[in-house]
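Some notes on the structure that comes next.
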Amino acid sequence: MHIRNIESRDYQPIISVLDEWWGGRSMRDMLPRLFFIHFRDTSFVATDHNGIAGFVIGFLSPTLSNEGYIHFVGVNPSVRGRGVGRALYEHFFDAMRSARRYIVRCSTAPFNTVSVAFHQRLGFQAQMFDTLLQGIPYSPDHDGPGEHRVLFAKDL
Ligand SMILES: CC(C)(COP(=O)(O)OP(=O)(O)OC[C@H]1O[C@@H](n2cnc3c(N)ncnc32)[C@H](O)[C@@H]1OP(=O)(O)O)[C@@H](O)C(=O)NCCC(=O)NCCS
């Protein structure tokens, strides 16, 4: 497996599998091409002999000078559980450290129990929650009515 910075040319192959990788959820509107153009220094693609094995879209906060944010992470279902997601996050963490930033944030839907488990294993902790869904802490209506989010943070 090889990991490199993301490129604009990665948009089409990723967007064409995005909804499938998310189990049929409609995700495309949340990942416009601009992320593949303006956040290349902090976004990464993992490739193997079959093509794109996974990707992470992250950026350095323009406002919060010690923080970075991971917007999306996805791994091909055929290679999940083999460390691809962790390796992609480690690349983003290295980019953060190089920029002298030490707080990483991201959010996920509380019903996405795999994503919640993944982030917890990587050392993220839920912040600012006031509600529990089957033991998972989340911020209700964070991104609009019914759009609950687990707000994760990790110190590097
Ligand atoms: C979440 C996702 C990116 C994880 O990628 P992955 O490559 O399978 O994860 P890794 O193999 O690197 O696992 C990293 C850690 O998370 C844990 N983990 C991964 N999948 C898990 C699962 N299904 N259940 C419990 N823990 C899990 C692993 O045990 C591992 O811990 P360890 O390294 O201490 O052993 C992948 O499942 C995915 O693409 N899901 C669909 C998209 C999505 O929901 N993205 C997140 C929201 S934006």
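The values are calculated or read from the model by the stated rules, or taken from the named source; none is laboratory data. All of these numbers come straight from a predicted model, not from anything done at the bench. Every residue, glycine among them, receives a Cβ derived from its backbone with ideal geometry; neighbour counts consider all protein chains shown.
Consider segment 27-71 and keep the residues that are β-branched (Val, Ile, Thr) and in a strand (DSSP E or B). The one that is farthest from residue 150 (Cα to Cα) is 47.
Cβ-Cβ distances below 7 Å connect the following pairs, each with a first residue in segment 98-116 that is among the basic types (Lys, Arg), a second residue that is away from the ligand (no atom under 14 Å from the Cβ), and a separation of six or more residues or different chains: 101/60; 101/66; 101/67; 101/68; 105/67; 105/153.
So how many residues does segment 1-21 have that are at pLDDT 95 or above, in a loop (DSSP other than H, G, I, E, B) and within 13 Å of the ligand (Cβ to nearest atom)? I'd like the intermediate steps shown before the answer.
Filtering segment 1-21 for residues at pLDDT 95 or above gives 2-21.
Still in the list and also in a loop (DSSP other than H, G, I, E, B): 6-7.
In the following step, the residues that additionally are within 13 Å of the ligand (Cβ to nearest atom) were identified as none.
Number satisfying all stated conditions: 0.
One residue stands out among those in segment 111-128 that are surrounded by fewer than 19 Cβ atoms within 10 Å (Cβ to Cβ) and more than 9 Å from the ligand (Cβ to nearest atom): the one that is modelled with the lowest pLDDT, which is 128.
Looking at segment 98-110, which of the residues that are surrounded by 14 or more Cβ atoms within 10 Å (Cβ to Cβ) and more than 8 Å from the ligand (Cβ to nearest atom) is farthest from residue 139 (Cα to Cα)? Break it down stepwise before answering.
So in segment 98-110, the residues surrounded by 14 or more Cβ atoms within 10 Å (Cβ to Cβ) come out as 99, 101-110.
Subsequent filtering for residues that are more than 8 Å from the ligand (Cβ to nearest atom) retains 99, 101-105, 107, 110.
Working: 99: 29, 101: 25, 102: 23, 103: 19, 104: 18, 105: 14, 107: 10, 110: 9 Å.
Among residues in segment 98-110 that are surrounded by 14 or more Cβ atoms within 10 Å (Cβ to Cβ) and more than 8 Å from the ligand (Cβ to nearest atom), the one farthest from residue 139 (Cα to Cα) is 99.
With respect to the stated conditions, residue 53 is aliphatic (A, V, I, L, M) and within 18 Å of residue 6 (Cβ to Cβ).
Given the criteria at positive phi and away from the ligand (no atom under 15 Å from the Cβ), does residue 33 qualify? Judged against the criteria, residue 33 is not a match. Selection within segment 36-73: residues that are within 11 Å of the ligand (Cβ to nearest atom) and surrounded by fewer than 21 Cβ atoms within 10 Å (Cβ to Cβ). The member of this set that is farthest from residue 104 (Cα to Cα) is 72.
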